[in-house]
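Novice: Sending over a structure as structure tokens; questions will come in a sec.
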Amino acid sequence: LGGTEAAFAQTMTNRAEGLGLTNTIFKNATGWPDEGHLTTAKDMFILASRLVRDFPEQYHHFSQPGFTYSGISQPNRNGLLFQNVGVDGMKTGHTDDSGYHLLASAQRQNQRYIAVVMGTKGFKEREAEALKGLNWAFANFREKTLVAAQTVVVKAAPTWLANQPTVDLIAKQDVKALFGSGEGQGVQAEVVYAGPIAAPLAAGTEVGFVRVLDANGNELGRTPVVTTTELTPLTGFAAWLSKLASRLGF
């Protein structure tokens, strides 16, 4: 891939930027220190989150206690995997220049948090700091579903020149947000779409979005809204009558 290591590293850098890792630069394929070879805790959090979300079928590899390849056994160096604290990944790291690092991902009661620890003096320190952060997150925050997928968010949205006068609109995906203890009051949902909704239109077509705002008007999340049924156009006299009624203000 890439033809040369330098070209491959540039390809990785470009891909990282596309994932939102805006402060990551690769200079080689190994991860060993190199001039200008850099990343940040935030970028590693983004990468870990994408691994969990985009490759769930591969995620179990991170919890393996070890493996043997070509006659060489390698233990998993993430000691939190063996402490029964919900940690099931994800990656350790160490170089003389930057110290000991740990990406620790844990799930408890259907909630997942990721701790990023960089630059400690040893592997025990990185594990202790990661576990401290995870315990604090689980104790103080809860994820709440603010809008559930497939929920009707607009009942009987008006249509235009369609075989039915209205159509329901539903949320395409869940909208979730993280709240600290005592937070989450005054949350409101707002649906934005251009109406009336004109035919023809297939069921499941995105026609707008629903967003959730906190008490201060800050957006907490959004998801597209889609039509529940197919809209077919009126024809002949029915279409003419509908247009006439619209012009007359009915």
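The values are calculated or read from the model by the stated rules, or taken from the named source; none is laboratory data. Computed from a predicted model, the values in this text were never measured in an experiment. Note: ideal-geometry Cβ built from the backbone for every residue, glycine included; neighbour counts use all protein chains shown. These area figures cover heavy atoms from the full protein model, side chains too; ligands, DNA and RNA do not enter into them. Shrake-Rupley method; radii C 1.70, N 1.55, O 1.52, S 1.80 Å.
Novice: Computed from these coordinates, which is Rg and Dmax of the Cα atoms in Å: [x] 27.7, 93; [y] 25.6, 84; [z] 17.9, 55?
Specialist: Matching entry in [x] 27.7, 93; [y] 25.6, 84; [z] 17.9, 55: [y].
Novice: Hey, another quick one. Once phi is turned into θ = phi - 60°, what whole-Hz ³J(HN,Hα) does the Karplus curve with 6.51, -1.76 and 1.60 give for every residue of region 169-176, x standing for Gly and Pro?
Specialist: 10, 10, 6, 6, 9, 5, 10, 10
Novice: Which of the residue pairs LYS27/LYS121; LYS124/LYS144; LYS42/LYS144; LYS27/LYS132; LYS27/LYS91; LYS27/LYS124 have a Cα-Cα distance greater than 27 Å in the structure shown?
Specialist: Too far apart for the 27 Å limit: LYS124/LYS144; LYS27/LYS132; LYS27/LYS124.
Novice: Next question, about the same structure. In whole percent, how big is the carbon plus sulfur part of the accessible area of region 20-113, probe 1.4 Å, protein atoms only? Provide the component values of the computation, followed by the final result.
Specialist: Details: 3290 of 6040 Å².
C and S atoms contribute 54 percent here.
Novice: Still on this structure, please answer the following. Considering the chain as a Gaussian network with a 10 Å cut-off on Cα pairs, which listed residue, SER70, SER181, SER105, attains the greatest mean-square fluctuation?
Specialist: So, out of SER70, SER181, SER105, the one fluctuating most is SER70.
Novice: Over the chain, what is the relative contact order in whole percent, taking alpha-carbon pairs under 8 Å and six or more residues apart?
Specialist: The value is 10 percent.
Novice: Next up: Quote the FRET efficiency, to the nearest 0.05, computed for LEU178 versus GLN64 with a Förster distance R0 of 22 Å and r equal to the Cβ-Cβ distance.
Specialist: 0.15
Novice: Please list, ordered by chain and number, the residues whose modelled amide H lies under 5 Å from the amide H of LEU234; skip anything fewer than 5 residues away on the same chain.
Specialist: ALA162, ASN163
Novice: Work out the charge dipole of region 68-170 with +1 on the Cβ of Lys and Arg and -1 on the Cβ of Asp and Glu about the Cα centre, then indicate which of SER73, THR120, ALA148 is farthest towards its positive end.
Specialist: Of the options given, the answer is ALA148.
Novice: Residue-wise, which Karplus ³J(HN,Hα) couplings in Hz belong to region 88-96, taking 6.51 cos²θ - 1.76 cosθ + 1.60, θ = phi - 60°, and x for glycine or proline?
Specialist: So the J values, rounded to whole Hz, are 10, x, 9, 7, 9, x, 7, 9, 4.
Novice: Return the long-range amide H neighbours of ALA157 (sequence gap of 5 or more, or a different chain), with a cut-off of under 5 Å between placed amide H atoms.
Specialist: For ALA157, whose amide H was placed from the backbone, the distant partners under 5 Å are VAL167, ASP168, LEU169.
Novice: Also, I was wondering about something else. Go through 25-34, 40-49, 155-164 and give me the packing order, highest mean Cβ count within 10 Å leading.
Specialist: Order by mean packing, descending: 40-49, 155-164, 25-34.
Novice: Related question: Got a sec to turn the phi values of region 143-156 into Karplus ³J(HN,Hα) couplings, 6.51 cos²θ - 1.76 cosθ + 1.60 with θ = phi - 60°, whole Hz, x for Gly and Pro?
Specialist: Each residue of region 143-156 in turn: 8, 10, 7, 8, 9, 8, 4, 6, 6, 6, 9, 9, 8, 6 Hz.
Novice: Continuing with this model, one more query. List the residues whose amide H sits under 5 Å from the amide H of LEU146, counting only those 5 or more places along or on another chain, with H placed 1.01 Å from N in the peptide plane.
Specialist: VAL175, LYS176, ALA177
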